[in-house]
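Written out below as structure tokens is the structure these notes cover.
Nothing in this text is a laboratory measurement; each read-out follows from the coordinates by a stated rule. Note that the structure is predicted; figures quoted are calculated from it, not measured. For neighbour counting, all protein chains shown are included, and Cβ atoms are generated from backbone atoms with ideal geometry for every residue, glycine included.
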Amino acid sequence: MKILLIGNGAREHVIAETLSKNKDAILFSYLKSKNPGIIHLSKSFELGNYNDLAKIKAFAQKTRPDFAFIGPEEPLSNGVVDSLREIGIKSVGPTKELAQLETSKSFTRNLLKKYKISGNPKFKIFNKNNINEAKKFLDETDECVLKPDGLTGGKGVKVQGDHFKTKEEALAYCHEVLQTHTSVVVEEKLEGEEFSLQCLTDGKTVIATPPVQDHKRAFVNDFGPNTGGMGSYSCEDHSLPFLTKQDVEDGLNITKKAADALYRETGEYYKGVMYAGLIKTKDGIKLLEYNARLGDPETMNVLPILDTDFAEICNAIINQTLHKLKIKFQNKATVCKYVVPEGYPDNPLKNEKIVIGKIPQDARIYYASVDDREDGLYTASSRAIACLGIAENLEKAEKIAEEAAKSIKGKVFHREDIGTKRLVEKRIGHMKKILSH
Ligand code: GLY
């Protein structure tokens with residue numbers, strides 16, 4: 001079974017590892033930069049940009065994979081699935097139109113609204129024609145979140161209280177966004193605890209992987225700037241300490257209805273990953289956003305505990321036979337901690353040597369943004385190495401991940417608090433406070 005994997009991060013490293021568990025799988029990878037972990041698992045690889053669809057197509061023509069797995073959002077938003085389809089290659093990943101689930105905030109909010117799916121906050125979409133109504137909407141809304149309509153690499157979203165204070169500043173940012181984007185989504189700010197529910201779908205059947213909580217802030221105790229994610233945890237009972245089973249069900253139901261709505265809206269089945277960024281609020285589970293791909297770091301929490309053959313799942317997604325599979329995850333807790341260059345995320349120190357010391361036997365490491373040179377590994381411009389602990393409970397998984405992260409030496413840092421009892425209890429306390437109001 002020949003598989004073309006597109007992507008070069010730790011997410012794709014763990015995808016490659018999981019696909020390779022199938023002894024018939026032969027991996028070909030297309031990467032923006034060299035990832036030693038992915039390259040080691042691949043029969044051959046090609047380096048290139050994710051907007052060079054001609055190059056991706058040529059590599060696919062040469063390798064003739066049975067299917068392609070698209071890791072990051074960038075090639076999806078460029079329409080790589082449509083391009084591969086032109087040469088008869090099917091993909092796990094949505095077409096450009098369906099990838100709007102991630103690439104257009106207004107598309108997703110309008111989809112939920114039109115098909116009467118719960119999960120939307122109060123929101124309004126503004127463009128150059130109706131921006132003069134924004135002040136009234138802001139006056140009627142307590143605190144708000146401003147989202148440019150389009151991919152912004154996680155940097156364009158501004159939250160009242162965190163990034164700006166007053167309604168005047170909000171209005172000014174809306175005007176600024178409209179200089180570069182066709183519209184801006186203004187939403188009420190939701191209070192609660194966030195979690196990621198990554199779902200696999202063939203467009204008809206939707207299967208949830210265990211929920212995961214990511215940590216966006218760069219420093220211990222949730223201080224510092226937002227990042228791509230400093231680490232994440234999941235629990236052995238496939239829930240999270242501040243959620244009920246019903247909360248997880250509610251999140252899955254939103255995604256089941258959204259998958260159905262996508263088909264009704266576009267006439268095309270969504271085949272791939274629908275990753276719901278959810279928040280538990282005093283009014284129930286709400287949708288913050290969808291991603292059209294697996295999460296990073298959240299993929300590290302779910303794929304290594306998957307018991308079912310992942311290549312078989314991919315085939316079922318493509319052939320719409322997901323309903324026939326019994327997908328099983330081990331009842332294990334996981335903690336993932338990212339080791340990142342000093343200065344990350346604003347001014348990461350590049351070209352600094354990283355030395356991987358003695359990693360605990362039961363820990364796993366996944367390469368992200370590293371420069372693999374003859375004399376060893378060096379930091380590049382983003383998160384460097386993900387350290388994963390898997391165990392029967394969170395406490396043990398955290399210790400394994402922490403020991404692994406500590407053994408990586410160089411001008412790097414990681415968050416010691418991710419997955420610790422103290423931080424998890426803080427999350428539970430926060431949720432209790434919100435629910436009691
Ligand atoms: N963990 C955030 C993301 O994958 O977008």
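Would segment 145-297 count as rounded, prolate or oblate if I go by the C-alpha gyration tensor, calling it rounded below 1.5 in a/c and otherwise prolate when a/b exceeds b/c, oblate otherwise?
Values: a/c = 1.90, a/b = 1.26, b/c = 1.51.
Taking the square roots of the gyration eigenvalues as a ≥ b ≥ c, segment 145-297 is oblate.
Can you give the convex hull volume per residue for the Cα atoms of segment 351-427, as a whole number of Å³? Show your work: numbers first, answer last.
Numbers: hull volume 7.0 nm³, N = 77.
Hull volume over Cα atoms, normalised by residue count, gives 91 Å³.
Between beta-carbons, use under 11 Å as the cut-off and find the net charge around Asp202, counting Lys and Arg +1, Asp and Glu -1.
On the way: positive: Lys204, Lys271, Lys324; negative: none.
Around Asp202, the charge tally is +3.
Taking loop as defined by DSSP and a crowding limit of 13 other beta carbons within 10 Å, which GluC sites (Glu not before Pro) in segment 338-436 fit? Each step should come with its number before you reach the end.
Details: sites: Glu342, Glu352, Glu374, Glu392, Glu395, Glu398, Glu402, Glu403, Glu416, Glu425; in loops: Glu342, Glu352, Glu374, Glu392, Glu416.
Loop-located and lightly packed - Glu342, Glu374, Glu392.
In Å and whole numbers, how far do the C-alpha atoms of segment 1-116 stretch along each principal axis, longest first?
Here the spans come out as 46, 26, 25 Å, largest first.
In which sequence would Lys34, Lys114 go, from the one with the fewest C-beta neighbours within 10 Å to the one with the most? Working shown, then result.
Numbers: Lys34 15, Lys114 11.
Sorted ascending by nearby Cβ count, the order is Lys114, Lys34.
With a/c under 1.5 counting as rounded, go ahead and sort the chain into rounded, prolate or oblate using the C-alpha gyration tensor (a ≥ b ≥ c being the square roots of the eigenvalues; past the cut-off, prolate if a/b is larger than b/c, else oblate). Present the calculation step by step, with values, prior to reporting the outcome.
Values: a/c = 1.39, a/b = 1.17, b/c = 1.19.
Because its axes are fairly even, with a/c under 1.5, the chain counts as rounded.
Shape of segment 267-339 from its Cα gyration tensor (a ≥ b ≥ c, root eigenvalues): rounded if a/c is under 1.5, otherwise prolate when a/b > b/c, or oblate?
Values: a/c = 1.82, a/b = 1.17, b/c = 1.55.
Since a/c reaches 1.5 but b/c is at least a/b, the shape of segment 267-339 is classed as oblate.
Summing -39500 (n - 2.57) over the DSSP H runs of n ≥ 4 in the chain and dividing by its residue number, what mean residue ellipticity at 222 nm do you reach, to the nearest 500 deg cm²/dmol? Walk me through the intermediate numbers first.
Working: 14 runs with 140 residues, N = 437.
Computed ellipticity for the chain at 222 nm equals -9500 deg cm²/dmol.
Do the alpha carbons of any pairs in Lys216/Lys411; Lys280/Lys433; Lys332/Lys358; Lys135/Lys158; Lys105/Lys426; Lys136/Lys280 sit beyond 19 Å of each other, and which pairs?
Lys216/Lys411; Lys332/Lys358; Lys105/Lys426; Lys136/Lys280
For the chain, build the charge dipole from Cβ charges (+1 Lys, Arg; -1 Asp, Glu) around the Cα centre, then report which of Asn51, Gly153, Thr299 sits farthest towards its positive end.
Final value for the positive-end residue is Asn51.
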